[in-house]
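Participant: One structure, pasted below without further comment.
The numbers here are math on the coordinates, done by the rules we state, and not lab data. Just so it is clear, the structure is predicted and the values come from calculations on it, not from any experiment. Please note: Cβ atoms are built from the backbone with ideal geometry, for glycine as well, and neighbour counts cover all protein chains shown.
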Ligand SMILES: Nc1ncnc2c1ncn2[C@@H]1O[C@H](COP(=O)(O)OP(=O)(O)OP(=O)(O)O)[C@@H](O)[C@H]1O
Ligand SMILES: [Mg+2]
C-alpha cells in the first residue's frame, strides 16, 4: 500500500467542517470514486469532523490518497487532544450520546466505510481513522 498524496487540515471551527467536506469531495472525485462512494465518505467525514470539534475541542484531519496495486482508496485520520472516550464500545452504540446529538455519528460513520479504527486515551485525546476503497 502506497500513500500517493497527503494533506493535513485544521478543525477548529464550523467553517473548517465545510472546507473538509469540500476537500474530501475533491479528493474522492480525483480518485475516481462513484457519486455514492463520494457521498458516503463526505457524510462520514462530516460526522467525525463534528465530533472532533464538539467533543475533542478541535484538532486536525489528515487526508491520504492510497494505492494498493490497482485499487485506490481514501484514508482520513481525525485527531484531537481532548478528553478522550472512556468506553469506545458504548460510544459506538447507536443512540448513545453525552451531548445533544442523536448518538448516531460514530456507528453511522463506521457503516459507511471499509475500514474504521478508534484509538482513544482518557485525558490524552482521540484518533479515528477511516478508509474507503474504490
Ligand atoms: N473526539 C471525541 N472525543 C471525545 N468524545 C467523543 C469524541 N467523539 C465522540 N465522542 C463521544 O462519543 C459519543 C457518541 O458519538 P456520536 O458521534 O456517535 O454521537 P453524538 O456526536 O453524541 O451525536 P450525533 O453524532 O448523532 O450528532 C459522543 O456523545 C461523545 O461522548
Ligand atoms: Mg457525533
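Participant: Looking only at the stretch 60-77, decide whether some residue is more than 19 Å from residue 25 (Cα to Cα) and within 15 Å of the chain's Cα centre (by Cα).
Facilitator: For the stretch 60-77, residues more than 19 Å from residue 25 (Cα to Cα) and within 15 Å of the chain's Cα centre (by Cα): absent.
Participant: Test each condition in (1) within 15 Å of ligand 2 (Cβ to nearest atom); (2) within 15 Å of residue 44 (Cα to Cα); (3) outside any loop (DSSP other than H, G, I, E, B) for residue 129 and report the one that comes out false.
Facilitator: So the condition that residue 129 fails would be (1).
Participant: In addition: Those residues that are free of Cβ contacts under 8 Å to residues at least 24 places away in the same chain and either within 13 Å of residue 20 (Cβ to Cβ) or in contact with a strand residue (DSSP E or B) (Cβ under 6 Å, 6 or more places away or on another chain) (or both), I need them from the stretch 40-80; list them, please.
Facilitator: Hit for the stretch 40-80 is 42, nothing else.
Participant: Which residue is farthest from the chain's Cα centre (by Cα), if the candidates are limited to the stretch 116-126 and must be surrounded by fewer than 18 Cβ atoms within 10 Å (Cβ to Cβ) and touching a residue at least 40 places away in the same chain (Cβ under 8 Å)?
Facilitator: Top of the filtered list is 123.
Participant: Name, by its number, the condition in (1) away from ligand 1 (no atom under 14 Å from the Cβ); (2) surrounded by fewer than 19 Cβ atoms within 10 Å (Cβ to Cβ); (3) touching a residue at least 12 places away in the same chain (Cβ under 8 Å) that does not hold for residue 36.
Facilitator: (3)
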